[in-house]
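What follows draws every value from the coordinates through simple rules; no lab data is involved. The model shown is predicted, which means the values in this text are computed figures rather than measured ones. Cβ atoms come from the backbone with ideal geometry, glycine included; neighbour counts cover every protein chain shown.
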Amino acid sequence: MQVKQITRCALLASAAILFGWIERMFPPLSAVPGVKLGLGNIIVLLALFLKSEHPYLESFMILLVKISVTGLLFSGVTGFLYSLCGGVLSWAVMAMLKKMGKCSLWGISVAGSAMHVSGQMLCAMFFMGSNGLLWYWAMLLFFAVPSGLVIAGLSVGVLKKMSKY
């Protein structure tokens, strides 16, 4: 990677961490524990869609830095592991859908949101050794759709503004 790409990744990762920190200051969006918008994921989605030589690599590196810093600072080791499982599954599905070219940013964002929840729930069920969380998984998936749409809308707005530059 060139210095320009590394610098862009560092700036975007910093923004993702900042958005994650800001989101923690707001009260919960729902009475259901664990429901959040995922503002930091805007940056990962943007990195995937920015014109770059290596958008997949850059977005994955940004994701890993975001999860490492926010997970360990704000959630502890368990929260870090849940975020890592959700984030990696989410990124893999979003990257695959983008590479296939048959899905819009909106669809990719909703799929990423649903896969993030799914990765976290699979991780939790693995550590708990039980599938008793399936009902909770369904509730979180219900909230993943509007969350993915909001993140997509914000990302589309930012990409339109950035296209001028």
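A few points about this structure:
- Applying a 4.7 Å Cβ-Cβ cutoff to the chain leaves 9, 103 as cysteine residues with no disulfide-compatible partner.
- Lysine pairs with alpha-carbon atoms under 23 Å apart, the chain, spacing 8 or more or separate chains: 20
- Approximate spin-label separation residue 142-residue 164, in nm, with each point projected 7 Å along Cα-to-Cβ: 4.1 nm
- Theoretical gain in end-to-end length, residue 128 to residue 5 [0.36 nm per residue, Cα-Cα removed]: 40.3 nm
- Averaged over residues, the count of other Cβ atoms within 10 Å places the peptides 127-138, 57-68 in the sequence 57-68, 127-138, highest first.
- With 0.36 nm allotted per residue and the present C-alpha distance subtracted, the residue 75-residue 102 stretch has 6.2 nm of extension available.
- Per-peptide packing, taken as the mean over residues of other Cβ atoms within 10 Å, places 83-93, 5-15 in the sequence 83-93, 5-15 from highest down.
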